[in-house]
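**Student:** Take a look at this one; I'll ask things after.
The values are calculated or read from the model by the stated rules, or taken from the named source; none is laboratory data. For clarity, every value in this text was computed on a predicted model and none was experimentally measured. Methodologically, a virtual Cβ is constructed for each residue, glycine included, from the backbone with ideal geometry; neighbour enumeration extends over all protein chains shown.
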Amino acid sequence: MTNRVFPRRKPDTHKGDYGHIFVLAGSLSFSGAAILCANSAMRSGAGLVTLGLPESLCGIAAKKVFLEVMLKPLPQTKEKTLSLSAYPKIAAFTHKTDVLALGPGLSRNPQTQKLIRRIISNVNKPMVIDADALNALAGHLDILRLNPNLKILTPHPGEFSRLTGQSTAYIQKNRETLAKRFAYDYNIVLVLKGHHTVVASPNKLYVNKTGNPGMATAGSGDVLTGIISALLGQGLDGLTAAKTGVYLHGQAGDLAAKEKTQTGLIASDIIENIPAAIKKL
């Protein structure tokens, strides 16, 4: 890897040159996932980050997100998840943004899952699709072909099992083959997470070697979604953003483990080590 993947910042540059990331995430039980994803995107070089989440959670999020992250309250269900009625506001706001990070902590509420599928089908922005947005795709993979925009899917083996119907045991034995086939079939970039994460495009494959077992901790995947989204916003192509994001995520986790130990490592430690990981590139 080399730091040439990052655009050189010119003296007369401004925040709009480095991407506006719209993170759609969070629900009453999983507000932390939204916060981790938004903070990660901010720390990874995004020019702007807006976190869209159920309106009643904005007060909680305001106390935890970086000061630089903007909040967009959106209509919610009675369970305090994003409502299908939020779609017009979301669609309108995406015209002001460059990349959509979709999924962390959104829940499996049926109305929220319908909202996710409508967004994936109709919003023509590059997307990083993770967590509950992946769950919304299970049984509905045909919608990946409805929209020509770039899509990066980031499943762990359990989520990939739900998408494909294959057992996790079979997936783990055939990670590279299955990842590349899925990427080809749906013309997407696939990040199959786990030990030696596999990144596949329809015609290329990358196997990552950074990272450690301490990163098997709540919120680690949300951090990765934020990193990849920020790299897309800075102008990297889909495969480069995905493989560089995976590498940086693992490198930041390795640096965090040196200080905190693998046992004591938590996802926010990874975020704090992103700048040091970038320097090591």
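**Student:** Would you pick out the residues in segment 91-115 that are surrounded by fewer than 24 Cβ atoms within 10 Å (Cβ to Cβ) and within 23 Å of residue 45 (Cα to Cα)?
**Tutor:** Of everything in segment 91-115, those that are surrounded by fewer than 24 Cβ atoms within 10 Å (Cβ to Cβ) and within 23 Å of residue 45 (Cα to Cα) turn out to be 93, 94, 95, 96, 97, 98.
**Student:** Suppose we filter segment 63-90 for residues that are surrounded by fewer than 14 Cβ atoms within 10 Å (Cβ to Cβ) and in contact with a Pro (Cβ under 6 Å, 6 or more places away or on another chain); how many remain?
**Tutor:** Count: 1.
**Student:** List the residue pairs whose Cβ atoms are under 6 Å apart, where the first residue sits in segment 235-257 and is closer than 16 Å to residue 221 by Cβ, the second is at pLDDT below 95 and of a type in the set (A, V, I, L, M, F, W, C), and the two are 6 or more positions apart or on different chains.
**Tutor:** Here the result reads 247/1, each pair linking segment 235-257 to a residue that is at pLDDT below 95 and of a type in the set (A, V, I, L, M, F, W, C).
**Student:** Could you please find all residues in segment 200-224 being closer than 15 Å to residue 184 by Cβ, surrounded by 15 or more Cβ atoms within 10 Å (Cβ to Cβ) and either acidic (Asp, Glu) or touching a Leu at 6+ places or on another chain (Cβ under 7 Å) (or both)?
**Tutor:** 200, 201, listed by residue number.
**Student:** Another question, then. Taking only pairs six or more apart or across chains, which ones have beta-carbon atoms under 6 Å, a first residue in segment 104-121 that is within 14 Å of residue 52 (Cβ to Cβ) and of a type in the set (Gly, Ala, Ser), and a second residue that is buried (at least 21 other Cβ atoms within 10 Å of the Cβ) and at pLDDT 95 or above?
**Tutor:** Here the result reads 105/25; 105/26; 105/27; 105/30; 105/33; 105/34, each pair linking segment 104-121 to a residue that is buried (at least 21 other Cβ atoms within 10 Å of the Cβ) and at pLDDT 95 or above.
**Student:** A further question follows. Please go through (1) assigned to a loop (DSSP other than H, G, I, E, B); (2) over 23 Å from residue 238 (Cβ atoms) for residue 73 and return the number of the only condition it doesn't satisfy.
**Tutor:** Exception for residue 73: condition (1).
**Student:** Condition first: crowded, with 22+ Cβ neighbours inside 10 Å, over 24 Å from residue 117 (Cα atoms) and either touching a residue at least 40 places away in the same chain (Cβ under 8 Å) or out of contact with any Ser or Thr (no Cβ under 6 Å at 6 or more places or on another chain) (or both). Can you find one or more residues in segment 23-37 that meet it?
**Tutor:** No - not one qualifying residue is present in segment 23-37.
**Student:** Restricting to segment 255-265, name every residue that is of a type outside the set (Asp, Glu) and either surrounded by fewer than 21 Cβ atoms within 10 Å (Cβ to Cβ) or assigned to a helix (DSSP H, G or I) (or both).
**Tutor:** Scanning segment 255-265 gives 255, 256, 257, 258, 260, 261, 262, 263, 264.
**Student:** Moving on to the next point. I'd like the full set of residues that are part of a helix (DSSP H, G or I) and within 18 Å of the chain's Cα centre (by Cα), limited to segment 34-60.
**Tutor:** Listed by number, the residues that qualify are 34, 35, 36, 37, 38, 39, 40, 41, 42, 43.
**Student:** Which residues, counting only those in segment 135-191, are without any contact (Cβ under 8 Å) to a residue 12 or more places away in the chain and among the polar types (S, T, N, Q)?
**Tutor:** 161, 167, 168, 174, 177, listed by residue number.
**Student:** Quick one: which of 236, 248 is closer than 25 Å to residue 15 by Cα, in a loop (DSSP other than H, G, I, E, B), in contact with a helix residue (DSSP H, G or I) (Cβ under 9 Å, 6 or more places away or on another chain) and among the aliphatic types (A, V, I, L, M)?
**Tutor:** 236
**Student:** Criterion first (at pLDDT 95 or above and either assigned to a loop (DSSP other than H, G, I, E, B) or within 22 Å of residue 99 (Cα to Cα) (or both)) does residue 268 satisfy it?
**Tutor:** The answer is no for residue 268.
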